[in-house]
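Read the figures in this text as sums done on the coordinates, not as results from a lab. What you see is a predicted model; the values in this text were computed from it and never measured. Cβ coordinates were reconstructed from backbone atoms using ideal geometry, including for glycine residues, and neighbour counts include every protein chain displayed.
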Ligand SMILES: C[S@@+](CC[C@H](N)C(=O)[O-])C[C@H]1O[C@@H](n2cnc3c(N)ncnc32)[C@H](O)[C@@H]1O
């Protein structure tokens with residue numbers, strides 16, 4: 001049964017440029033009592049930075065600090081346990097505000113239902129509380145816009161791959177599709193570059209860092225550092241153009 005108490009907004013704040021937050025997203029931010037956002041112990045929240053100019057001084061801030069970042073493999077059991085416990089505790093913290101009638105805005109970078117920490121809050125609270133989701137401009141579309149690449153034409157297939165996947169999984173997926181985005185590059189960049197070269201896709205691949213942020217960078221893939229890419233980076237491989245001769 002839905003209890004008519006507080007409410008959650010899951011707001012997508014877009015890929016980096018604050019002007020890419022929707023009007024509806026801004027209204028939700030400004031009408032909330034509490035502004036919640038994820039951060040690490042080492043880095044402040046990017047979503048909070050993006051939404052900053054819409055947040056008022058009288059709103060309560062609720063940072064949600066991950067217990068782990070990249071020290072542990074996301075496949076390890078220790079990581080899984082710590083992160084599950086963190087989301088359970090986060091849900092409990094939010095409930096305390098909701099049960100006193102507060103409106104909470106959870107900020108999410110890009111879109112809130114696309115590889116976002118907001119989803120773990122949503123999954124835990126959706127049966128019991130009112131949740132309104134306000135979509136955001138995903139980084140995939142900001143990257144395509146900055147690179148000026150049409151992503152897919154007509155009936156072409158487009159898939160999103162996490163670079164964390166194994167070499168074999170990446171290779172199989174890349175062989176079976178027309179257009180791709182590869183996200184979560186980080187320390188997997190050398191592996192991805194090797195696979196793209198093996199499948200002769202490297203010459204079509206476009207690399208971008210921090211799309212739509214002030215320090216956005218477009219770098220030819222062959223010049224990208226092999227050791228580690230920034231967290232906010234991705235590779236797009238667009239579908240073949242349908243304009244004759246191009
Ligand atoms: C956990 S996912 C978050 C996706 C986000 N919810 C969205 O809709 O864009 C994080 C990955 O998205 C990509 N990403 C997010 N923002 C980006 C940006 N501004 N420029 C390039 N890549 C970005 C990176 O590959 C990063 O590792």
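For a quick check, take a GNM of the chain with Cα springs below 10 Å and name the residue from 24, 148, 193 with the largest mean-square fluctuation.
148
How do the peptides 7-15, 149-157 rank, highest first, by the average count of neighbouring beta carbon atoms within 10 Å per residue?
7-15, 149-157
Label points 7 Å out from Cα along the Cβ direction at residue 65 and residue 22: separation in nm?
Computed distance between label sites residue 65 and residue 22 equals 3.3 nm.
If each residue of separation counts as 0.36 nm, what is the full-extension length gain between residue 155 and residue 176 once their alpha-carbon separation is subtracted?
Stretched fully, the residue 155-residue 176 segment lengthens by 6.2 nm.
Would you work out if the stretch 52-208 is rounded, prolate or oblate? Take a ≥ b ≥ c from the square roots of the eigenvalues of the alpha-carbon gyration tensor; rounded if a/c is under 1.5, else prolate when a/b is larger than b/c, oblate otherwise.
prolate
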